[in-house]
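This report refers to the structure that appears directly beneath it.
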Amino acid sequence: MSIIYVLIPIAMLFVAVAVAVFFWAVKSEQFDDLDRQSVSILFDEDNATQTIKKNTEQQNSHQETDSASESSTAIKSTKATESTQGD
């Protein structure tokens with residue numbers, strides 16, 4: 001039973017270290033660019049940078065297209081609702 005007096009502080013120390021390492025990683029922007037490392041292994045530096053930029057532009061254009069189509073769908077459904085309420 002006396003071992004618990006040793007294990008609990010050790011466990012708390014491990015948790016404190018893990019939290020400190022996590023906040024350090026977030027503060028030093030370790031999680032900001034997750035795509036670069038996965039692509040850099042496959043291509044040269046110049047090609048990897050161009051590929052990342054191209055992929056980012058494609059993702060942004062898909063997001064803009066999706067949001068535009070959602071907006072037009074919402075407008076159409078609003079007009080349809082208004083026309084059925086007017087009848």
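The values are calculated or read from the model by the stated rules, or taken from the named source; none is laboratory data. All values reported here derive from a predicted model rather than from experimental measurement. For the accessible areas, the whole protein counts, side chains as well, though only heavy atoms, and no ligand, DNA or RNA atoms are used. Shrake-Rupley method; radii C 1.70, N 1.55, O 1.52, S 1.80 Å.
Side notes on the structure shown:
- Leu7, Leu42, ranked by accessible area, largest first (probe 1.4 Å): Leu42, Leu7
- Extension gain from Val26 to Ala11, taking 0.36 nm per residue of separation minus the Cα-Cα distance: 3.1 nm
- With all protein chains in place and ligands, DNA and RNA left out, the 1.4 Å accessible area ranks Lys27, Lys54 as Lys27, Lys54, largest first.
- Rounded to the nearest 10 Å², the accessible area of Phe23 at probe 1.4 Å: 130
- These residues, Ser61, Ser2, go from largest to smallest accessible area, 1.4 Å probe, as Ser2, Ser61.
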